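> Here it is, the structure, as structure tokens.
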Amino acid sequence: MSLHCLRVYLEKSYREALDLLSEMPQILGEIGLDTADLPDHSTLIKWFDRIKTALWRVLLRLSAQLHEPSGHAAIDATFFDRENAAASTTVAGRITGFRHSKQLLSSTQKAKPFWTFIVRPRNATTHNGWQVALRNAGDLASLAADKGYDWMDLRDKLREEGVRPLIKHREFRPIDHAHNARIDGPRYRQRAMCETVFSTIKRTLGDAVRARTWYGEFRELVLMCAVHNIKQSLKQ
């Protein structure tokens with residue numbers, strides 16, 4: 001897992017990352033490895049598929065615990081390119097899209113990702129947003145989201161978990177304008193921190209995924225968020 005984190009941090013392919021690490025004995029020493037212990041790049045690829053998603057989720061949660069969450073979070077979605085991954089499999093008819101949406105739950109205080117959820121094209125992000133929020137509901141006091149998450153059931157479920165929903169209504173009637181006016185302005189506007197996280201991850205760790213399977217892409221995005229959390233903790 002440490003080798004995979006370093007690969008993402010270096011923004012290199014499996015082969016290139018291992019070549020660079022072979023020239024960094026001090027870095028390898030920090031994770032208890034010698035140059036002779038480095039596996040072949042094909043072995044590293046196979047182990048990425050063998051490590052269960054639950055373990056990557058634990059890594060993400062532990063990386064988030066390196067910070068002190070404020071309890072106020074925001075959720076949003078963005079796209080990561082997967083054209084390179086899809087190009088070799090489109091011929092076989094297994095993949096039809098070239099981009100996946102990623103939903104991110106982020107602390108509004110220090111812009112640290114809490115959780116990530118990959119959404120296949122044409123899926124409803126509103127309903128999947130509840131799955132993201134539920135995993136962290138015990139740590140949240142409020143959750144901000146834009147009108148794309150306008151779903152009354154989502155608001156009701158958040159309230160049942162003791163989370164204040166700061167979700168704008170789509171404005172079809174005068175009462176919708178009234179509801180939006182009651183939302184805490186400063187707290188709601190902090191949802192833009194999600195965009196900060198998206199921008200930082202794409203600029204520093206890349207805006208595309210390499211995996212050729214949907215679950216591999218999910219694990220890769222979770223790993224990117226964990227590496228982002230670790231990097232941010234070192235800056236404190």
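The values are calculated or read from the model by the stated rules, or taken from the named source; none is laboratory data. If you're wondering where the values come from, they're calculated on a predicted model, not measured in any experiment. Cβ sites come from the backbone with ideal geometry, for glycine too, and all protein chains shown count toward neighbours. When the accessible area is computed, the model is the full protein with side chains, heavy atoms only, and any ligands, DNA or RNA have been set aside. Shrake-Rupley method; radii C 1.70, N 1.55, O 1.52, S 1.80 Å.
> If I compute solvent accessible area with a 1.4 Å probe over the protein chains, what percent of it on segment 1-81 is carbon and sulfur?
The C+S portion of the solvent-accessible surface of segment 1-81 is 53 percent.
> If the chain between Phe79 and Leu20 were fully stretched, how many nm would it gain, using 0.36 nm times the residue separation less the Cα-Cα distance? Can you show the working numbers first?
On the way: separation 59, 0.36 × 59 = 21.24 nm, distance 2.94 nm.
Contour length minus Cα-Cα distance gives 18.3 nm.
> A further question follows. Treating cross-link reach as a plain straight distance, find the aspartates and glutamates whose alpha-carbon is under 16 Å from the alpha-carbon of Lys52, omitting any fewer than eight places away in the same chain.
Leaving aside aspartates and glutamates fewer than 8 places away in the same chain, those within reach of Lys52 are Glu217, Glu220.
> Continuing with this model, one more query. Between the DSSP loop rule and a limit of at most 15 other Cβ atoms within 10 Å, which GluC sites (Glu not before Pro) in segment 1-75 are left?
Taking segment 1-75 and a limit of 15 other Cβ atoms within 10 Å, the loop GluC sites (Glu not before Pro) found are Glu11, Glu23.
> What are the ³J(HN,Hα) values, in whole Hz, obtained from phi via the Karplus relation 6.51 cos²θ - 1.76 cosθ + 1.60 with θ = phi - 60°, for each residue of segment 183-199 in sequence order, with x given for Gly and Pro?
5, 4, x, x, 5, 5, 5, 6, 5, 5, 4, 4, 5, 5, 5, 4, 4
> Can you tell me the order of 73-82, 54-63, 32-41 when each peptide is scored by its average per-residue count of other Cβ atoms within 10 angstrom, highest first?
73-82, 54-63, 32-41
> So which trypsin sites (Lys or Arg not before Pro) in segment 128-236 end up in coil per DSSP with only 12 or fewer other C-beta atoms within 10 Å?
When the trypsin sites (Lys or Arg not before Pro) of segment 128-236 are filtered for loop state and at most 12 Cβ neighbours within 10 Å, Arg170, Lys235 remain.
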